[in-house]
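The values are calculated or read from the model by the stated rules, or taken from the named source; none is laboratory data. Only a predicted model underlies this, so the values are computations on that prediction, with no experimental measurement involved. Virtual Cβ from ideal backbone geometry, glycine too; neighbours counted across all protein chains shown. We work out accessible area using only protein heavy atoms, side chains counted, and drop any ligands, DNA or RNA first. Shrake-Rupley method; radii C 1.70, N 1.55, O 1.52, S 1.80 Å.
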Amino acid sequence: MTAETPDFIRPTRTSYDTIADDYTAQFSDHLADSPLERSLLGAFAEMVGGNGDGAPAPTPTPTV
């Protein structure tokens, strides 16, 4: 944990890490037959993608 990460995050992160491998094994091909969902998730990931440090990119301000 870093000094910037609040202590209450530790149990959540630990629980996610505990089930990550099982979750990945169970759902690794979940979207194999769902091209639309894969495309939507890919577009969303691209839109909110961060700079590689785990933090999301800033949300663009919508224009009216």
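Worth a mention:
- Listed residues Glu37, Glu46 arranged by accessible area, highest first, probe 1.4 Å: Glu46, Glu37
- FRET efficiency for the Tyr23 to Thr63 pair, using the beta carbon distance and R₀ = 35 Å, is estimated at 0.40.
- Between Arg10 and Val48, the FRET efficiency from the beta-carbon distance, with R0 = 35 Å, is close to 0.90.
- Across the stretch 9-21, computed HN-Hα scalar couplings (Karplus, 6.51 cos²θ - 1.76 cosθ + 1.60, θ = phi - 60°) run 6, 3, x, 5, 4, 4, 5, 4, 4, 5, 9, 4, 5 Hz from first to last residue, x flagging Gly and Pro.
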